[in-house]
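These notes are about the structure you will find just below.
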């Protein structure tokens, strides 16, 4: 049984590595972005609260986010472990997640950080060719990532649960690094 979160900036390869890890470890992926989109599409109570923030491109308030996470962690399919992508986004959320897991009698095993240079973020995102991946928006996302993520990394480093991975290597090499560190810790 293993509980993981995956961290990294835009274009770091989180989605790809999360899917590969979930297949390998046979654990469900908890994609906070997908949960939010589904809740808004089906207009659940939490979805209605989150919708105006998502539409403006703002962060959904912490109190609402932790409710989404709590709901998901109470579902039966995650009782044997999980990998979370898209949460926490701030050090405060990391602490909230810790308290929530404590409350649920669970423990986070590792925060996996895919470390990628700013230049690599920019080139990978521009290669993806998404409409929200233009240079100005990308720079804002990269700046926000550094502003918010460094404190999260410090939080997990302090708790001795941070695994830093060189995210600039090939998909296979990154996966091998992750599995090697998970197996050796």
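We did not get these values from a lab; they are worked out from the coordinates using the rules stated. What you see is a predicted model; the values in this text were computed from it and never measured. Reconstructed Cβ throughout: ideal geometry from the backbone, glycine too, with neighbour counts over all protein chains shown.
Before moving on, here are some points about what is shown:
- Of the beta bridges in the chain, as assigned by DSSP with both residues counted there, near 0 percent are antiparallel.
- Virtual spin-label span in nm between residue 80 and residue 48, 7 Å along Cα→Cβ: 3.7
- Burial order of peptide ranges 10-21, 89-100 (average beta-carbon count within 10 Å, highest first): 10-21, 89-100
- Sequence ranges 138-144, 150-156, ranked by mean other-Cβ count within 10 angstrom, highest first: 150-156, 138-144
- Which labelled figure in [x] 31.7, 96; [y] 18.8, 69; [z] 16.1, 44 is Rg and Dmax of the Cα atoms in Å, once derived from the coordinates: [z]
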